[in-house]
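Each remark here refers to the structure printed beneath this line.
The values are calculated or read from the model by the stated rules, or taken from the named source; none is laboratory data. Note that the structure is a prediction, hence the values are computed from the model and not measured. All Cβ positions, even for glycine, are placed from backbone atoms using ideal geometry, and neighbour counts span all protein chains on display. Heavy atoms of the whole protein, side chains included, go into the accessibility calculation; ligands, DNA and RNA do not. Shrake-Rupley method; radii C 1.70, N 1.55, O 1.52, S 1.80 Å.
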Amino acid sequence: MRFLVFLALAFASAAQADSIERFKTFLRASQSARADFEQKVYGRGGKLTQEARGSFVFQRPGKFRWTYAKPVDQLIVGDGERVWIYDRDLNQVTGRRLSKALGSTPAALLAGASDVEAAFELKDAGSRDGLEWMEATPKEREAGFERIRMGFSATGVEAMELLDHFGNTTQLRFRNLQRNPKVDAAEFRFEPPPGADVLGEK
């Protein structure tokens, strides 16, 4: 019986090392990345409430550009000092300092500094859909979600799942992932369009 318990613990430790090590390898090996994504949002009862497509690019530390196509026409830019959220339909811009906006957010896992364990509790979440999953729980209580799951294949991150405090689940699937592409610094610059309503920190 003790031997079986030992085997179970050893297997669990190996699984945890696998998923978390894949994540840390991704951080070490990817100073920048670019990909397309598909996003689906499910309500508490599992009903699909929203679908969107888009693309993202990031460069560590703290620079990223997350572009949504229709029906969610939104742009999110991290310029290394601030995070800007531009809603084209509302012609509204929200700005926050990067240190306040990035600390325990999904973007921190992709574009933040390598020491993410200062902001997140990391643990293995097993295998599913051919991927090894890691779960990250933010240490800050004011984060806008309860936990994030990241799914890894042998080539890198392929999926993310975000669970918020209202019971909603946002699923992201990445395609055409390029690691360490050439990145134009202009992609991480943002100026509020003339006439836009600017909220938060300018």
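Filter the range 104-137 down to residues that are part of a loop (DSSP other than H, G, I, E, B) and modelled with pLDDT of 80 or more and give me whichever is surrounded by the most Cβ atoms within 10 Å (Cβ to Cβ).
Looking at the filtered set, the residue picked out is D129.
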Would you mind telling me which numbered condition in (1) at pLDDT 90 or above; (2) of a type in the set (G, A, S); (3) surrounded by 11 or more Cβ atoms within 10 Å (Cβ to Cβ); (4) closer than 21 Å to A29 by Cα A196 fails? (4)
Could you please tell me which pairs satisfy a Cβ distance under 7 Å, a separation of 6+ or placement on different chains, a first residue in the range 21-41 that is in contact (Cβ under 8 Å) with a residue 40 or more places away in the chain and farther than 18 Å from N180 by Cβ, and a second residue that is among the aliphatic types (A, V, I, L, M) and open to solvent by 50 Å² or more (accessible area, probe 1.4 Å)? K40/L48
